[in-house]
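The block underneath contains the structure these notes are about, expressed in structure tokens.
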Amino acid sequence: MNLPNILTLSRITMIPVFVVIFYLPLQWSYFVSAAIFALAAGTDWLDGYLARRLDQSTPFGAFLDPVADKLMVAVALTVLIEAHSSFILTIPATVIIGREIVISALREWMAEIGSRASVAVSYIGKIKTVAQMVSITLLLAYPVGETWTWLGLALLYIAAGLTLWSMVLYLKAAWPELFPRKTPG
């Protein structure tokens, strides 16, 4: 166990704390849950940076890091869908969660057939992650209708667009494996 892996595990342990605080019937609960989410997003960057910088990358960390990210984002989007009860928020949230499921399954299948490298994380995925993390933090922190909420929603749509774009790139890279050409024979 090393520091990057401990940070990754901390993201997973923050999830129930985040949910409990979000649903507390207190005026500050949304803002504190947004702070917890932002802290988790920061540890996502920090654990990767430290793993590379300290040469502490491990198979366990490589497995757990994307799981922690997807769990935190999916849970945050789910509570936001419930809290906002809004079609306009549900659409991009569903796109993001759905894409994560599709790409996770694709990566697992590609790894099974020995072609994992062809579906590696892209630069667009990193931009998508930043837009997603900032948007979710804003949507958690501010009530519906405030200026910051509209900015958060706009960023969520940008993240959803980048999500679809990166999914197309992943599927394009995997296409030859998904649909191999039959050679006449």
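The values are calculated or read from the model by the stated rules, or taken from the named source; none is laboratory data. Not measured: the values here are computed from a predicted model. No Cβ is skipped: glycine too gets one built from the backbone with ideal geometry, and neighbour counts run over all protein chains shown. The protein model used for the area step is the full one, side chains on, heavy atoms only, and it has no ligands, DNA or RNA in it. Shrake-Rupley method; radii C 1.70, N 1.55, O 1.52, S 1.80 Å.
Laid out as a table, the results:
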item	result
Filter result (farther than 17 Å from W45 by Cβ and of a type in the set (A, V, I, L, M)) within region 1-33	M1, I15, V17, V19, V20, I21, L24, L26, V32
Subset of region 27-80 (residues that are out of contact with any helix residue (DSSP H, G or I) (no Cβ under 7 Å at 6 or more places or on another chain) and hydroxyl-bearing (S, T, Y))	Y49, T78
Elements of type helices (runs of 4 or more DSSP H) in region 1-90, at least 2 residues being under 22 Å from A160 (Cβ atoms), out of contact with any Pro (no Cβ under 7 Å at 6 or more places or on another chain) and among the small types (G, A, S)	29-53, 59-84
Pairs, first more than 16 Å from D69 (Cα to Cα) in region 91-110, second of a type in the set (G, A, S) and open to solvent by 20 Å² or more (accessible area, probe 1.4 Å), C-beta under 8 Å, six or more apart	M110/S118
Residue check for I136: open to solvent by less than 60 Å² (accessible area, probe 1.4 Å), touching a Gly at 6+ places or on another chain (Cβ under 9 Å) and part of a helix (DSSP H, G or I)	yes
Criterion: at pLDDT 95 or above, of a type outside the set (A, V, I, L, M) and either over 30 Å from Y142 (Cβ atoms) or loosely packed, with under 14 Cβ neighbours inside 10 Å (or both) - qualifying residue of P16, P4, P59	P16
Residue within region 77-94 that is out of contact with any Gly (no Cβ under 7 Å at 6 or more places or on another chain), more than 25 Å from L155 (Cβ to Cβ), modelled with pLDDT under 95 and among the aromatic types (F, W, Y) present	no
